[in-house]
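Engineer: Provided herewith is a single structure, encoded as structure tokens, for subsequent inquiry.
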Amino acid sequence: MSTTAQIGVTGLAVMGRNLARNFARNGYAVALHNRTPARTRELVEEFGQEGTFVPTESAEEFVAALERPRRLVVMVKAGDPTDAVISEFAPLLEDGDVIIDGGNAHFADTRRREQELRERGIHFVGTGISGGEEGALHGPSIMPGGSKESYASLGPMLERIAAQADDGAPCVTHVGADGAGHFVKMVHNGIEYADMQLIGEAYQLLRDVGGYSPDEIAGIFRAWNTGRLDSYLIEITAEVLSHVDAATGRPFVDVVADRAEQKGTGRWTVQLALELGVPVSGIAEAVFARSLSGHTALREASAQLAGPTPQALGPTEAATFADRVEQALYASKIVSYTQGFHEIAAGSAQYDWNLDLGAIASIWRGGCIIRAAFLDRIRAAYDSRPDLPSLLADAEFAEEIAEAQDDWRAVLVAATEQGVPAPGFAAALSYYDALRADRLPAALTQGQRDFFGAHTYRRTDRDGTFHTLWGGDRTEVEA
Ligand code: NBP
């Protein structure tokens, strides 16, 4: 076997196969490997004419096919399979070679793997890849972590295969050391959960309160997609809503079971936020809403509980209501991204990654599931002020929310009065109101904690830590 390939891909299921084809279509010679060799042969048979592929059937053959420093992309199922593949290939590699894990690994696993391989002289690049199978083939958003040195060798290739934003910039950047890439991909997916939940709530309100049909709502989403909500998720929402089930002739959305999956990255985003102490209430509500949807028995047992049945508005009022829902959706979306970027900033501080928040917004502008015109604005906000404490501190976003808030509140009033659940909208508005509140009930919480557990408290009028002798004469002592 001659050493011909500039990059290799092992793991040729849907993602790996399309990524390998993307590299080949961009002029790179790609070595191919899969645990089950039939997949490798199928790829070459079906798509061999797309570029230069070097099919191999053993780990030794695969490694021997790669030019140095070797670049091996691992696209296998995340978890134990990734460790199994690393154990198989690492002993065959040499100093300076690079293993790129493009699977959906937890960033803590990536940190562990990176350290273990660094000690053996091998670069390990945990890489978030977003865009699904189409993105892998035509240009995903790519979030590589690992060493700067590895990016020097790998970056130009990733820049060739990545999506391009509207200004032509490739949607890839060196995110940061060790697990930073997978961390950022995780938060991306958390934001994606929130985006999808908010869109779902907008749909439900337009349907139940606005009285619109799925096809009419598709039209409303199409109109929104020409404005500030312009995004991939709004675009595909319109497609899904206008789709008619061939078997029944009914709207597709009415024949799909209303139980959504929640696993992996959305849950991890919330778990880590709890550890970091970052309030990502909108993302958490999105994960919980999916979880609730799946509790079929609980929902059936609760279906007769008292509450209003939504009454649809007349056509004129419905049109006004639809405009209000757009405001509520946009304002809530700003809050979701505020929370997601807060988590990114907190992770950056915790793990010393020095993440560039503007650059992260920038590489999400194309290729990935949350791609949206709006991300250009987030990038601009962080670029002009890298220490921005919160997206809500950006004057433009603050102004937009100021304009949206009456409608945002009115939509939640309607949702509450009519009994339509809107946990994402409500969590976003509560977060916003909590941030702007002069006083929070946390003062009372501290009093309770001091009462039952002598947890002490601080005062607003002087320094120090205090405790009240609740069980005695209630004098205050300095703790
Ligand atoms: P899967 O996640 O379904 O994994 C299938 C691949 O893993 C096959 O190549 C399989 O080999 C290989 N594999 C397994 Br399973 N166990 C292995 C082991 N012990 N040793 C070696 N290989 C093993 O594939 P996918 O949907 O293409 O996703 C690949 C990665 O990309 C995953 O981590 C996924 O989370 C991530 N990802 C997926 C998407 C998406 O939209 N699907 C998007 C972004 C990221 P075999 O052919 O021999 O069984």
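Taken together, the values in this text are just the output of simple stated rules run on the coordinates, not laboratory data. Just so it is clear, the model here is predicted, and its values are computed rather than measured. Positions of Cβ are generated from backbone atoms using ideal geometry, with glycine treated the same way; all protein chains shown enter the neighbour counts.
Engineer: Farthest toward the dipole's positive end in the range 230-313, which of V255, S231, L276, given Cβ charges of +1 (Lys, Arg) and -1 (Asp, Glu) about the Cα centre?
Structural biologist: The residue sitting most towards the positive pole is L276.
Engineer: Something else: Within the chain, how many Lys pairs that are eight or more residues apart, or on different chains, come under 19 Å at the alpha-carbon? Display every interim value, and only then the final one.
Structural biologist: Values: K77/K185; K77/K263; K148/K185; K185/K263; K185/K333.
Qualifying lysine pairs in the chain: 5.
Engineer: Here's something else I'd like to know. Per 10 Å bin, what percent of the C-alpha pairs of the range 119-173 does each bin hold, from zero upward?
Structural biologist: Taking all Cα pairs of the range 119-173, the binned fractions are 25, 50, 20, 4, 0 percent.
Engineer: Just to confirm my numbers, what's the Cα centroid distance between the range 286-308 and the range 148-200 in Å?
Structural biologist: Each part reduced to its Cα centre gives a spacing of 35 Å.
Engineer: Let me ask something else. Treat each spin label as a single point 7 Å out from the Cα along the C-beta direction, and report the Q115 to E42 distance in nm.
Structural biologist: 3.9
Engineer: Follow-up. What is the distance, in nm, between label points placed 7 Å from the Cα along the Cα-to-Cβ direction at E67 and at R250?
Structural biologist: Taking the two extended label points, one gets 5.8 nm.
Engineer: Give me the mean projected area, in nm² to one decimal, of the convex hull enclosing the Cα positions of the range 1-140. Spell out each step's value before the answer.
Structural biologist: Values: hull surface 29.4 nm².
It is 7.3 nm².
Engineer: Same structure again: Once you keep just the Cα pairs under 8 angstrom separated by 6 or more residues, what percentage relative contact order results for the range 1-78?
Structural biologist: On the way: 152 pairs, mean separation 35.1, N = 78.
45 percent.
Engineer: Can I ask one more? Sequence gap at least 6, Cα distance under 8 Å: using those rules, report the relative contact order of the chain to the nearest whole percent. Intermediate results must be reported in sequence, preceding the final value.
Structural biologist: Values: 862 pairs, mean separation 60.7, N = 479.
Worked out over the chain, it gives 13 percent.
Engineer: For the chain, what is the percent of antiparallel DSSP beta bridges, rounded to the nearest 5?
Structural biologist: Working: 11 of 31 bridges.
Taking every DSSP beta bridge with both residues in the chain, the antiparallel ones total about 35 percent.
Engineer: With +1 assigned to the C-beta of every Lys and Arg and -1 to the C-beta of every Asp and Glu, and no other charges, what is the dipole magnitude of the chain about the Cα centre in debye, to the nearest 20? Kindly include the intermediate steps, with their values, before the conclusion.
Structural biologist: Numbers: 42 positive and 67 negative charges, 117 e Å.
Rounded to the nearest 20 debye, it is 560 debye.
Engineer: Another question, if that's okay. I need the P(r) histogram for the chain: all alpha carbon pairs, bin width 20 Å from 0 out to the longest distance, whole percents.
Structural biologist: Using 20 Å bins, I get a P(r) of 22, 47, 27, 4, 0 for the chain.
Engineer: With a ≥ b ≥ c taken as the square roots of the eigenvalues of the C-alpha gyration tensor of the range 286-359, please select rounded if a/c is under 1.5 and otherwise prolate if a/b is larger than b/c or oblate if it is not? Walk me through the intermediate numbers first.
Structural biologist: Working: a/c = 5.28, a/b = 1.56, b/c = 3.39.
It is oblate, given that a/c is not under 1.5 and a/b is not larger than b/c.
Engineer: At 222 nm, what value in deg cm²/dmol follows for the chain if DSSP H runs of at least 4 each add -39500 (n - 2.57) and the sum is divided by all its residues, to the nearest 500? The partial results should precede the final answer.
Structural biologist: On the way: 20 runs with 264 residues, N = 479.
Computed mean residue ellipticity for the chain: -17500 deg cm²/dmol.
Engineer: Work from the charge dipole of the range 187-269 (Cβ charges, +1 for Lys and Arg, -1 for Asp and Glu, about the Cα centre) and give the residue of Y203, I220, T265 farthest towards its positive end.
Structural biologist: It is T265, whose Cα lies furthest towards the positive end.
Engineer: What are the ³J(HN,Hα) couplings of the range 464-469, residue after residue, when phi is run through the Karplus curve with 6.51, -1.76, 1.60 and θ = phi - 60°? Round to Hz, x for glycine and proline.
Structural biologist: Per-residue couplings from phi come out as x, 10, 10, 9, 9, 7 Hz.
Engineer: Next up: Restricting to Cα pairs below 8 Å that are 6+ residues apart, what does the relative contact order work out to for the range 185-436? Please round to a whole percent.
Structural biologist: Values: 340 pairs, mean separation 74.5, N = 252.
Reported as a whole number, the value is 30 percent.
Engineer: Something else: Evaluate the range 382-469: find the radius of gyration of its Cα atoms, find its Kirkwood radius, and give the ratio Rg to Rh.
Structural biologist: Here Rg/Rh amounts to 1.13.
Engineer: Still on this structure: Please work out the Cα center distance from the range 317-366 to the range 454-479, rounded to the nearest Å.
Structural biologist: 40
Engineer: How far is helix 80-89 tilted off the main Cα axis of the chain, in degrees rounded to 10, range 0 to 90?
Structural biologist: 30
Engineer: With N set to the residue count of the range 185-436, report its C-alpha Rg divided by 2.2 N^0.38 Å to two decimal places. Show your work: numbers first, answer last.
Structural biologist: Working: Rg = 18.1 Å, N = 252, 2.2 N^0.38 = 18.0 Å.
Output field value: 1.01.
Engineer: With a ≥ b ≥ c taken as the square roots of the eigenvalues of the C-alpha gyration tensor of the range 267-310, please select rounded if a/c is under 1.5 and otherwise prolate if a/b is larger than b/c or oblate if it is not?
Structural biologist: Judged from the Cα gyration tensor, the range 267-310 comes out prolate (a/c at least 1.5, a/b above b/c).
Engineer: 7 Å from Cα along Cα→Cβ at both D80 and E396: what's the point-to-point distance in nm?
Structural biologist: 5.0
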